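K.L.:
The following block contains the structure, expressed as structure tokens.
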Amino acid sequence: MKFEPKWLQYYQAVQGRPPRTTLVKALDYCAQDVQPLRRFAVDLGCGDGRDTVELLRQGWRVLAIEGEPEAIARLRRRPDIDRTYLETRVQRFEDLTLPPDVSLLNASFCLPFCPPDYFPDLWEDIVAALAPGGRFCGQLFGDQDSWSVYTDMNHHSREQVEQLLSPFVLEVFEEENHPGKTALGEDKHWHIFNIVARKR
């Protein structure tokens, strides 16, 4: 069974929402670094830019990457961004190339949508792209999530997630496992790992 996304409806449903908590926490940690890295972030699966906007507001240079052209179009039309330090790219996970020496890689609720066959290479690329001391923030979906029935999405056990995060020092690692609703109001059981992690 394959997931059938309704991205246009999703972008409309989440329009105007604040940045994700994992990004806000990661930015707080970055601000406390004694020897801060340059402010260069990749916002992977940026959607219409709810996190990109906050990164730009805090003075980061941002490469925003999204597989859906409509999302990038919406991001570039936003009235609340300064595009001086913004670069955008339409690129799917299967074709992804990441720049080196990234200080912060934000992946809010996007990585589960990478086809499972491509996920190991994607994760390897994310770890390699981050500079030493750089941070990853975002979510992975657990194996008890109700969307785990979809064969074109990837889900992980807690042990698998901990193994993926072995190159990192964990700053936030929160597991959610509860019934709820999607942004479109559909019933769903959520099993999520919320992550902020600093590369060793």
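K.L.:
Out of everything in region 45-63 that is open to solvent by less than 30 Å² (accessible area, probe 1.4 Å) and part of a loop (DSSP other than H, G, I, E, B), what residue ends up being farthest from Arg76 (Cα to Cα)?
P.N.:
The residue in question is Trp60.
K.L.:
Which one of Asp80, Asp28 is farther than 22 Å from Gly133 by Cβ and either part of a helix (DSSP H, G or I) or of a type in the set (Asp, Glu) (or both)?
P.N.:
After applying the criteria, what remains is Asp80.
K.L.:
Here is a further query. Give me the pairs: first residue in region 28-46 and modelled with pLDDT of 95 or more, second residue open to solvent by 70 Å² or more (accessible area, probe 1.4 Å) and assigned to a helix (DSSP H, G or I), beta-carbon distance under 9 Å, and six or more apart or on different chains, which are they?
P.N.:
Between residues of region 28-46 that are modelled with pLDDT of 95 or more and residues that are open to solvent by 70 Å² or more (accessible area, probe 1.4 Å) and assigned to a helix (DSSP H, G or I), the close pairs are Arg39/Tyr85.
K.L.:
Oh, and also: It is to be established whether one or more residues within region 80-87 are modelled with pLDDT under 95 and basic (Lys, Arg).
P.N.:
yes
K.L.:
Would you point out which residue out of Val149, Val127 is under 23 Å from Arg61 (Cβ atoms), touching a residue at least 60 places away in the same chain (Cβ under 8 Å) and open to solvent by 10 Å² or more (accessible area, probe 1.4 Å)?
P.N.:
After applying the criteria, what remains is Val127.
K.L.:
Further question: Take the conditions without any contact (Cβ under 8 Å) to a residue 24 or more places away in the chain and either in a strand (DSSP E or B) or acidic (Asp, Glu) (or both) and apply them to Glu171. Does it pass?
P.N.:
Spelling it out, it is not the case that Glu171 is without any contact (Cβ under 8 Å) to a residue 24 or more places away in the chain and either in a strand (DSSP E or B) or acidic (Asp, Glu) (or both).
K.L.:
Can you give me the number of residues within region 174-200 that are assigned to a strand (DSSP E or B), of a type in the set (Asp, Glu) and within 19 Å of Cys110 (Cβ to Cβ)?
P.N.:
Going through region 174-200 one residue at a time, the tally reaches 3.
K.L.:
Suppose we keep only residues that are of a type outside the set (A, V, I, L, M, F, W, C), outside any strand (DSSP E or B) and under 15 Å from Ala41 (Cβ atoms) within region 84-107. Which one would you say is least open to solvent (accessible area, probe 1.4 Å)?
P.N.:
Pro99
K.L.:
Look through Phe141, Phe168 and report the one residue that is buried (at least 18 other Cβ atoms within 10 Å of the Cβ), modelled with pLDDT of 95 or more and under 18 Å from Cys114 (Cβ atoms).
P.N.:
On inspection, the qualifying residue turns out to be Phe141.
K.L.:
Give the residue, chosen from Arg135, Arg74, that is open to solvent by 20 Å² or more (accessible area, probe 1.4 Å) and either in a loop (DSSP other than H, G, I, E, B) or touching a residue at least 60 places away in the same chain (Cβ under 8 Å) (or both).
P.N.:
After applying the criteria, what remains is Arg74.
K.L.:
Is there any pair with a first residue in region 1-17 that is touching a residue at least 24 places away in the same chain (Cβ under 8 Å) and a second that is of a type in the set (Val, Ile, Thr) and open to solvent by less than 100 Å² (accessible area, probe 1.4 Å) whose Cβ atoms are under 8 Å apart and which are 6 or more apart or on different chains, and what are they?
P.N.:
So the pair list comes out as Met1/Val149; Met1/Thr151; Lys2/Thr151.
The values are calculated or read from the model by the stated rules, or taken from the named source; none is laboratory data. The structure presented is a predicted model; accordingly, all values stated were derived computationally and were not measured. We place every Cβ from the backbone using ideal geometry, glycine too, and count neighbours over all the protein chains shown. SASA here: full protein model, heavy atoms, side chains in, ligands and nucleic acids out. Shrake-Rupley method; radii C 1.70, N 1.55, O 1.52, S 1.80 Å.
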